[in-house]
Amino acid sequence: MARVTLSVLMLGATFLSSCAATQPSASSPASSPPVAVATPGERWYLMLPPPMMPPTQDEHGNFRVDTSAPISRWLIFKALPTKDQCEAQLKGMADYCRCYSSTTPALKGMPPPSP
């Protein structure tokens with residue numbers, strides 16, 4: 001059991017580092033969303049889709065991700081206090097990474113990320 005847990009942790013660490021190092025595609029649309037008013041206690045999560053299972057890699061060695069997975073299964077990469085800060089962190093990340101508010105209904109009941 002410990003060997004399986006260690007393998008899953010190593011896969012997760014490798015996946016997160018490969019996502020952070022991936023540049024967005026040139027075809028990603030540029031957008032300037034309207035400024036949102038923060039809800040008290042609201043945080044913004046920079047999230048990544050979960051890796052495909054069983055784990056497979058693309059031709060560049062990056063782990064493939066399951067972008068069709070429900071948001072409740074996505075991984076919280078980083079928690080930030082504002083939407084603007086979260087969206088600024090998206091620059092330079094893979095185009096499948098997204099920012100979601102902690103008030104998003106699909107995230108209700110999820111444990112908060114570790115500091």
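The values are calculated or read from the model by the stated rules, or taken from the named source; none is laboratory data. On a predicted model such as this, the values are computed, not experimentally measured, just so you know. No Cβ is skipped: glycine too gets one built from the backbone with ideal geometry, and neighbour counts run over all protein chains shown.
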**Q.** Options PRO55, PRO34; residue that is in a loop (DSSP other than H, G, I, E, B) and at pLDDT below 90
**A.** PRO34
Q | Count of residues meeting criterion [touching a Lys or Arg at 6+ places or on another chain (Cβ under 9 Å) and under 14 Å from LEU48 (Cβ atoms)] in the stretch 73-115 | A | 7
Q. Among the residues of the stretch 47-87, which ones are among the small types (Gly, Ala, Ser) and over 23 Å from MET110 (Cβ atoms)?
A. GLY61
(Q) Here's a check for you: in the stretch 58-115, which residue that is assigned to a strand (DSSP E or B) and over 13 Å from TYR45 (Cα atoms) is modelled with the lowest pLDDT? (A) PHE63
**Q.** Flag for LEU90 being surrounded by fewer than 16 Cβ atoms within 10 Å (Cβ to Cβ) and of a type in the set (A, V, I, L, M)
**A.** yes
Q: May I ask you to list pairs of residues, at least six apart or on different chains, whose Cβ atoms are under 6 Å apart, with the first in the stretch 96-108 being touching a residue at least 60 places away in the same chain (Cβ under 8 Å) and over 13 Å from ILE76 (Cα atoms) and the second being among the polar types (S, T, N, Q) and buried (at least 17 other Cβ atoms within 10 Å of the Cβ)?
A: none
Q: Six or more apart or on different chains, Cβ under 8 Å: which pairs go from a residue in the stretch 36-56 that's more than 16 Å from THR82 (Cβ to Cβ) to one that's of a type in the set (Asp, Glu) and at pLDDT 90 or above? Could you list them?
A: PRO49/ASP66; PRO50/ASP66; PRO51/ASP66; MET52/ASP66; MET53/ASP66
Q. Could we say that ALA88 is among the small types (Gly, Ala, Ser) and within 11 Å of the chain's Cα centre (by Cα) here?
A. no
